[in-house]
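Colleague: Below are the structure tokens for one structure; questions will follow.
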Amino acid sequence: MSSIEEKLAQLSQATLDSLKAISENKQEDLQDLQELRVSVLGKKGSLTEILKGMKDVSAEMRPIIGKHVNEARDVLTKAFEETAQFLEEKRVEAQLAKESLDVTLPGRKLARGSRHILSQTSQEIEDMFIGMGYQVVDGFEVESDFYNFERMNLPKDHPARDMQDTFYITEEILMRTHTSPVQARAMDAHDFSKGPLKMISPGRVFRRDTDDATHSHQFHQIEGLVVGSDISMADLTGTLELVIKKMFGEERSIRLRPSYFPFTEPSVEVDVSCFKCGGQGCNVCKQTGWIEILGAGMVHPHVLEMSGIDSQKYSGFAFGLGQERIAMLRYGINDIRGFYQGDLRFSEQFK
Ligand code: PHE
């Protein structure tokens, strides 16, 4: 045996012995292993040192000894890997043995989101009407003067336009002031030979208003419209009574007061009997016993005609309610700005 091979055998044996010792000690520290590895296989390690002797080996022996050196390196490399893995497994085992799980600890609460109170209100009202066979129609927040005003019987010089000043994109394009233009669009699209039109349309509307506790330059309405043959004021009253009782309690009654809207005739303001005092008078109903809740009326024949509907044959009712107003009354909210500020202390009350 050449001296190189002797040294190689010694080194291999010594290294394998050390590895065995490390494994048996089950040392958790992988540091020792790493140091040993560098001292044997590293650039300045023992194996490299032995290789330096190759220069004295005869040409015919060189391939044979070279092969042995390579084999020894492979064996040692593998032994190091196995030992490292073994130690790692032991380390994990030890760690797991130390750790324990206390299933009685209280869990961490996840913050759950919920629908905004206006969405809840709108959803609830939509559900009621869907239950009565209405379809829910979407309108445009950016509308034309034509649909927002003219088709609602408010020609250019009509004084009632003053109450609904708004934001104009151009002279003819504006931010809609109410959801009523959806009435005209829905009537235009409906085929009355197939039956009556029954629709509601919730959405955002805009007005030139100074924001305060009860006014906002944008707010939400729900429009309602039924057009068909033999639709009367009694249908309007019955429908609204049903819905208002569902929202404010079965003991409530409603009352209609004459009012004016250019697109309905006759027009009414609908009040609900005060849900706080039951009608005797209190601060909620301003001592009147009644709370104004929405505007409504029979669709003006001219509005029907503008949609190409024969007003002798068909009639209809319409109503428009403010979502904020409904929510404020139901939940005793006294500042409309709460809806829009995104303050969780406000929103979380309605989860
Ligand atoms: N569009 C009216 C408003 O915003 C409400 C309304 C709708 C009244 C439908 C009557 C019929 O004030």
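The values are calculated or read from the model by the stated rules, or taken from the named source; none is laboratory data. Being a predicted model, the structure only gives us computed values, none of them experimental. Counting neighbours? That spans all protein chains shown, and the Cβs are built from the backbone with ideal geometry, glycine included. Surface accessibility is based on the protein's heavy atoms, side chains included, excluding ligands, DNA and RNA. Shrake-Rupley method; radii C 1.70, N 1.55, O 1.52, S 1.80 Å.
Colleague: If the reach is capped at under 15 angstrom between alpha carbons, list the aspartates and glutamates near Lys44, excluding any in the same chain fewer than eight residues apart.
Modeller: Glu35
Colleague: What GluC sites (Glu not before Pro) does the stretch 14-119 have in DSSP loop regions with at most 14 other beta carbons within 10 Å?
Modeller: On the way: sites: Glu24, Glu28, Glu35, Glu49, Glu60, Glu71, Glu81, Glu82, Glu88, Glu89, Glu93, Glu99; in loops: Glu28, Glu60, Glu99.
Hits after loop and neighbour filter: Glu28, Glu60, Glu99.
Colleague: Same structure again: Assuming 0.36 nm per residue, please report the length gained on full extension of the stretch Asp343 to Ser119 beyond their Cα-Cα distance.
Modeller: Gain on stretching Asp343 to Ser119: 79.1 nm.
Colleague: In terms of modelled amide H atoms, which long-range or inter-chain residues lie less than 5 Å from the amide H of Thr177?
Modeller: Phe206
Colleague: Quote to one decimal, in nm, the extra length available between Phe146 and Met163 on full extension: 0.36 nm per residue of separation minus the C-alpha distance between them.
Modeller: 4.4 nm is the gain from fully extending Phe146 to Met163.
Colleague: Hey, which of these cross-link pairs are over 18 Å Cα-Cα: Lys7/Lys52; Lys20/Lys78; Lys245/Lys276; Lys7/Lys67; Lys20/Lys90; Lys7/Lys78?
Modeller: Lys7/Lys78
Colleague: Compute the semi-axes of the equivalent ellipsoid of the stretch 1-152, taking the square root of 5 times each eigenvalue of the Cα gyration tensor, and list them largest first in whole Å. Intermediate results must be reported in sequence, preceding the final value.
Modeller: On the way: eigenvalues 1280, 142, 29 Å².
Rounded to whole Å, the semi-axes are 80, 27, 12.
Colleague: Moving on to the next point. Based on the Kirkwood radius over alpha-carbon pairs, what value in µm²/s does the Stokes-Einstein equation return for the translational diffusion coefficient of the stretch 174-323 at 20 °C and 1.002 mPa s?
Modeller: Rounded to a whole number, D works out at 131 µm²/s.
Colleague: With every atom except the alpha carbons ignored, what do you get for Rg and Dmax of the chain, in angstroms?
Modeller: In order Rg, Dmax, the Cα atoms of the chain give 42.2, 122 Å.
Colleague: Along the Cα-to-C-beta direction of Ala94, a point sits 7 Å from the Cα; which residues of the stretch 25-69 have their amide N less than 13 Å from that point?
Modeller: 25-33
Colleague: Further question on the same structure: Taking all pairs of different Cα atoms in the stretch 120-223, averaging 1/r and flipping that mean, what Kirkwood radius in angstroms comes out?
Modeller: Kirkwood radius, the stretch 120-223: 14.8 Å.
Colleague: Take the Cα gyration tensor of the stretch 65-152, multiply each eigenvalue by 5, square-root it, and list the three semi-axes largest first, rounded to whole angstrom. Mind dumping the intermediate values first?
Modeller: Details: eigenvalues 1130, 148, 27 Å².
Gyration-tensor ellipsoid for the stretch 65-152: 75, 27, 12 Å.
Colleague: For the chain, give me the percentage of DSSP beta bridges that are antiparallel, rounded to the nearest 5 percent.
Modeller: About 95 percent, rounded to the nearest 5.
Colleague: What are the membrane-span-like helices in the chain by this rule: whole DSSP H runs, Cα extent along the axis at least 24 Å, mean Kyte-Doolittle hydropathy at least -0.5?
Modeller: Numbers: long enough: 3-25 (33 Å, -0.29); 62-98 (54 Å, -0.62).
In the chain, the long hydrophobic H runs are 3-25.
Colleague: Now for a separate question. Can you give the helix-only mean residue ellipticity at 222 nm for the chain, where every DSSP H stretch with n ≥ 4 adds -39500 (n - 2.57) and the sum goes over all residues, rounded to the nearest 500 deg cm²/dmol?
Modeller: Working: 11 runs with 140 residues, N = 351.
Calculated mean residue ellipticity at 222 nm is -12500 deg cm²/dmol.
Colleague: On to the next question. On average, how much accessible surface per residue is there in the stretch 249-351, in Å², for a 1.4 Å probe, leaving out ligands, DNA and RNA?
Modeller: Solvent-accessible surface per residue comes out at 51 Å².
Colleague: Which residue fluctuates the most in the chain, going by a Gaussian network model with Cα springs under 10 Å, if the choices are Gly195, Gly66, Gly113?
Modeller: In this elastic network of the chain, the residue with the biggest mean-square fluctuation among Gly195, Gly66, Gly113 is Gly66.
Colleague: With each label point set 7 Å from Cα along the Cα-Cβ vector, what nm distance links Lys194 and Thr214?
Modeller: Between Lys194 and Thr214, the simple spin-label model gives 4.3 nm.
Colleague: Shifting gears a bit: When the accessible area of the stretch 200-285 is split by element with a 1.4 Å probe, what percent falls to carbon and sulfur?
Modeller: Details: 1920 of 3880 Å².
The C+S portion of the solvent-accessible surface of the stretch 200-285 is 49 percent.
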